[in-house]
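This report concerns only the one structure given below.
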Amino acid sequence: MRKTMRSLLAVTCAAAALAAAGCGTTSENSGQVQQQDPTKNCKGPDGKYTIGMSQANLAEPYRVRMDEDIRTAASKVPQFDVQFSDAAKDNSKQISDVENFITKQVDLLMISPNEAAPLTDVVKKAYNKGIPVVVLDRKVDGDGYTTYIGADNVQIGRQAGEYFTKTLLPQGGKIVQIKGLSGSTPAKEREDGFKEGIAGSNIEIVATADGEWERSVGQQKMDALLKAHPDIQAVYAQNDPMAEGAYLAAQAAGRNDLKFVGIDGLPIPSGGIKAVEEGRLQATNLYPTGGAEAVEAARALLIDCQPVPKTQTLQTELVTKDNAAEVYARLNQS
Amino acid sequence: MSNQTAERPSAAAPRKRAGTAETLFRFQSFFGLVAVFIAAVIFSPRDDEGQILFLTSDNLFNIVRAVSEIGIIAVGLTFVILIGGIDLSVGSVLGLAAVGSAVLMVEDGLGVWATVGLVLLAGVVFGLLQGTAVALLGVQAFIVTLAGLQIARGLARMWSGGETVQISYGDGPGQAPMLFSLLGERTFGGVVPIPVLIFAVVAVAAILFLRTSAYSRHLYAIGGNEKAARLSGVPVNRVKIIAFGIAGFCAALAGIVHAGQLNAGSPNDGIAYELDGIAAVVVGGTSLAGGRGSVIGTIAGALLLGILNNILSLNSVNTDLQLLIKGLVIVAAAALQRLRPTS
């Protein structure tokens, strides 16, 4: 027993000594962002380019579609070879993925980070090595990247709110909100925007539930909400799967009068646009993946030798039964 | 478990047996590691100057850095698995420790050493409690640590309010001391990541400890035949409880490294890490039935899986196919163990 304790102590002390000895380290954490010529890797239309795309996870259909959009857009650029990695929601894995892309000396890095703070350093490392970096959907801290492409969640929430005030419930009414995972940035931003959108109207959010972005959780929470608030008229869900889950719960409870609005509008058979077209949801709000735009940015940087804007905010669009078929077709043009 | 016991009643002294085949099997993971390494060199892509990308020091250290957290966890797991137990809670304990490190420094303004000390202590206590439940209450380790997995994850969520706690460095309030940021950095001319050094220290300490202590003989004895060990005067309960304490300590240490590397503690950190850790132990040749295996094997196993990950990624092997290949390697390693001569 005593020996055990002594050994444990030894490990601790050794680790401590090492940590203390590390004071003269070359910093990766606190390193400065170097100025980068964003088109340095540009070899023009005759070059061949390898692009690494580090995806945060492929568990969400939205991210599968993002990869798909990149693949489709890149297939039209013969100079591009895009390699994909999937971090499976693990920040550590995503750091390794990016490090591997650096080792492979990719000509450009695309990344949709799992979380901002943990990925900031490795993204900056790639950028400082002269690799142009296109950040998609979720941001990183600081400015160690070439361009950020993403949609504005506040704006999308506001658009959803305005649809409630102008079209769905112009006279006002009681609704419930099914939020995304509490603590995640989009959940907060989509809520803030929505509240701006319904400000000054007679619409009242009588309850908010955490649906964790998932269909099954949305359904489960809606079961309870229907019991607690039988007088509601509509549901604002922060993504389409939760809206669909809530719809299922309402169906099971015999509430065919309720109206549902979601966000995302994925142009896939199981996505929100089809749900609107088929009448389960009244509307969804398009949250573009930015895949095509990312490939466009890569083309500008690598082939056209043109700089790109530091931030590109993607436009959202309201999808209702009137335009669902058209939007679906447009987004799936190859 | 009973299978092994029947075959090897004298499992208490596993190092005494010799023979070429036996040596081959004992160092199976080491040979596997060498084979995978050579394969990685052969299949490595090269850059424009013909340099083998896999062998660049940057890449090799990236591999060990990526492995270090799982490696530290796996070293701790080896102790538990040697007694025929299992610890499913280590991934969650890592998450709890990462969150704890962040909260204690950023929100409670504690210094680095106080934070590290408290978090390690929490990890040890958590492990000891689980060990106590296993040893004294007689509940199966699988069940106890499955509950531990949930409890630690729940504590991590509660402690962080369900949100990622970001760590920024500096002297001001709400900032962590610069010292902690060293975990995310590299030393020796910016080449060797600090987590690699910590992994190395843990590995060496664990190897020496298993080589020299009486405790080690007790571990193998219990894993070989618990009843016989008890009859021959081995303090079975104490040895078990300590093994879980060591696993908790290692998981907490990995969590501290995690938080320092990522500048954040997230309640979702370390999900499924226990499975990667168990994979490293199994590939390393330690029997899940207990009584047989080594920390060196575990380290070789962790590195083998790390190199495999790296070379598959460098060759842009499709992610789905990567999972499949890694699964096959684990099965192959376990199957080789079955072929091992037992007399």
- Could you tell me the distance between the Cα centroids of segment A:170-202 and segment B:220-280, to the nearest Å? 45
- Nitroxide proxy distance, nm - points 7 Å out along Cα→Cβ at A:ASN202 and B:LEU328: 6.8
- Item | Within the protein assembly as shown: Cβ-based charge dipole about Cα centre, in debye rounded to nearest 20 (Lys, Arg +1; Asp, Glu -1) | 3040
- Per residue, in Å², the accessible surface of chain B once ligands and nucleic acids are set aside, probe 1.4 Å: 40
- Message: Suppose we keep just the DSSP beta bridges with both residues in the protein assembly as shown; what percent of those would be antiparallel, to 5?
- Response: 20
- Spelling it out for A:LEU314: with amide H atoms placed in the peptide plane at 1.01 Å from N, the residues 5 or more places away or on another chain with amide H under 5 Å from its amide H are A:GLY150, A:ALA151, A:ASP152
- Query: Looking at segment B:62-77, which residues lose a minimum of 50 Å² of accessible area between their chain alone and all protein chains in place, measuring with a 1.4 Å probe and not counting ligands or nucleic acids?
  - Reply: B:ASN62, B:ARG65
- Using a 1.4 Å probe and ignoring any ligands, DNA or RNA, find the accessible area of A:LYS221 and quote it in Å² to the nearest 10. 70
- Query: By average Cβ neighbour count within 10 Å, what is the ranking of B:307-315, A:74-82 from highest down?
  - Reply: B:307-315, A:74-82
- Message: As I understand it, the dipole of chain A uses +1 on the Cβ of Lys and Arg and -1 on the Cβ of Asp and Glu, about the Cα centre. Which of A:SER216, A:GLY44, A:SER75 lies farthest toward its positive end?
- Response: A:SER216
- Computed for chain B: size of charge dipole around the Cα centre, +1 on C-beta of each Lys and Arg, -1 on C-beta of each Asp and Glu, debye to nearest 20, value 1720
- Query: Average partner chain C-beta neighbours within 10 Å, per residue of B:175-182?
  - Reply: 3
- Note on the structure: Of the accessible area of the protein assembly as shown, computed with a 1.4 Å probe and all protein chains kept, carbon and sulfur make up a percent value of 59
- Complex-versus-alone comparison for segment B:192-211, residues with a loss of 40 Å² or more in accessible area, probe 1.4 Å: B:VAL201, B:PHE209
- Query: Taking the Cα atoms only, what angle lies between the long axis of helix A:291-302 and the longest principal axis of chain A, rounded to 10 degrees?
  - Reply: 30
- Note on the structure: Between chains A and B, the summed loss of accessible surface on complex formation, probed at 1.4 Å and reported to the nearest 100 square angstrom, is 3800
- Note on the structure: Interchain or sequence-distant (5+) residues whose placed amide H lies within less than 5 Å of the amide H of B:ILE83 are B:GLY291
- Task: For segment B:103-155 and segment B:292-308, compute the distance between their C-alpha centroids and round to whole Å.
- Result: 25
- Item | 3J(HN,Hα) from dihedral phi, segment B:175-186, Karplus parametrisation 6.51/-1.76/1.60, rounded to Hz, x for glycine, proline | 10, 8, x, 3, 3, 5, 5, 4, 4, x, 10, 10
- XL table A:LYS188/B:LYS326; A:LYS124/A:LYS321; A:LYS227/A:LYS274; A:LYS188/A:LYS274; Cα-Cα > 32 Å flagged, in table order, is A:LYS188/B:LYS326; A:LYS124/A:LYS321
- Message: Between segment A:282-334 and segment A:113-145, what is the separation of their alpha carbon centroids in Å?
- Response: 21
- Message: If I ignore ligands, DNA and RNA and count only protein heavy atoms, how much of A:LYS179 is accessible to a 1.4 Å probe, in Å² to the nearest 10?
- Response: 40
- Query: How much solvent-accessible surface does B:ARG238 expose, in Å² to the nearest 10, with a 1.4 Å probe and all protein chains in place?
  - Reply: 120
- Peptide-level mean, for A:92-101, of C-beta atoms on other protein chains within 10 Å: 6
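The values are calculated or read from the model by the stated rules, or taken from the named source; none is laboratory data. All of these numbers come straight from a predicted model, not from anything done at the bench. When we count neighbours, we look across all protein chains shown, and the Cβ atoms used for this are built from the backbone with ideal geometry, even at glycine. With ligands, DNA and RNA removed, areas are computed over all heavy atoms of the protein, side chains included. Shrake-Rupley method; radii C 1.70, N 1.55, O 1.52, S 1.80 Å.
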